[in-house]
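I have placed the structure first, in the form of structure tokens, so that the comments after it can refer back to it.
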Amino acid sequence: MININNLSRSFGTLKAVDKISFSIKDSEILGFLGPNGAGKTTTLRMLVGYLQPSSGSIELDGKSIFADPIATSRQIGYLPEQNPLYDDMTVSEALAYLASLRGMKEALFRERREFVVQNCGLADVLHQRIGTLSKGYRQRTGFAQAILHDPRILILDEPTSGLDPNQIMEIRDLIRTLGKEKMVILSSHIMQEVQALCDRVVIINKGRIIVDDLKDNLGNYMDKSAMLYLEVEGEGIDFSEFIVKHPQMEIAVNATDDTHCKLSLNLPADSDVRQELARFVNEKGWLILEMRTEKQSLEQIFHQLTGDSVLTLDEEDPIQETLIEEQP
């Protein structure tokens, strides 16, 4: 288990991460979310030992990751958003070079090389120079390097960036499989990815954690509401009579012409008027083309929780980060 306790990191007068605490257990995929400048990348860099915290601790199985950073790094696979690769190497050479840096024995390297080439879809470009690869293949090469040594912990920052839809599905399937036996920390701006993969979500905003809960519980942090979509065909369509009887209902969208109407109705989450609404439409002699309810999406929840954030630091710009750090 990884335990993060009161972790902080400052760059000059700017506190990028401010006393955050959370944990990750084995066989868990954790979604680590936040708007740009929230402190995500700074936190991930501390987790892999690239940055030292200003205060607080990061422990793996009760021991500080900084007590023996080499031993800790053997257990971590890291794919940063800005994927660092040697353009003059072939994919095969890059994998062999990384294996040598990690001290992997030849038999293990051959086994793991076969695994990553097959599962990351690199067979067709294995002997191609990285500098000539498309963004998608560069991303897959970086992912292969992150999992080559079969790490116990995977830290993935935008792992499907640049991939086409088929490749995204393949990498998601691989992450899902790896998450059954590893600790996986996934940072992504693609909410569908988090929805599809993660067991738990931590949302950070302005350097502080504002949510740490199971993915399915995130709706509890929002106003209780649901959206009802209705599409009707008929003559003289008018729902004002029905709306008057249900003052708790708000019309979000109303598009009507002579014989066609689309309604989006905002309702309290515990209110279900579908049967009554269907009877009303039937009595008027109209035809229901569509009726469906929709829960709040992860995108909506994320926006409502973090939408007022002010960007303070471009975390993806290491030059800016260095300049801030060097201020007296």
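We did not get these values from a lab; they are worked out from the coordinates using the rules stated. Just so we're clear, the structure is a prediction, and the values are computed from it rather than from any experiment. Heads up, the Cβs are rebuilt from the backbone with ideal geometry, glycines too, and the neighbour counts pull from every protein chain shown.
At-a-glance table
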{"read-out": "Net lengthening on full extension, A196/N266 (0.36 nm per residue, minus Cα-Cα)", "value": "22.6 nm"}
{"read-out": "Beta bridges per DSSP with both ends in the chain, % antiparallel, nearest 5", "value": "70 percent"}
{"read-out": "Stretchable slack from R74 to I288, in nm (0.36 nm times residue separation minus alpha-carbon distance)", "value": "71.0 nm"}
{"read-out": "Cβ-based net charge around D173, under 14 Å, with every Lys or Arg adding one and every Asp or Glu removing one", "value": "+2"}
{"read-out": "Packing-based ranking, highest mean first, of 122-132, 2-12 given that Cβ atoms within 10 Å are counted", "value": "2-12, 122-132"}
{"read-out": "Under 23 Å from K182, Cα to Cα: lysines that are on another chain or at least 8 residues apart", "value": "K25, K40, K63, K105, K215"}
{"read-out": "Spin-label pair Q128/E111, simplified geometry with 7 Å Cα→Cβ offset, distance in nm", "value": "3.0 nm"}
{"read-out": "Chain lengthening between V253 and K180 when straightened (0.36 nm per residue, less Cα-Cα)", "value": "22.0 nm"}
{"read-out": "Where labels lie 7 Å past Cα in the beta-carbon direction, separation of E235 and D213 in nm", "value": "5.0 nm"}
{"read-out": "Relative contact order (%) - the chain, alpha-carbon pairs under 8 angstrom, separation at least six", "value": "22 percent"}
{"read-out": "Nearest-0.05 FRET efficiency for N6 and D150, computed from C-beta distance (R0 41 Å)", "value": "0.80"}
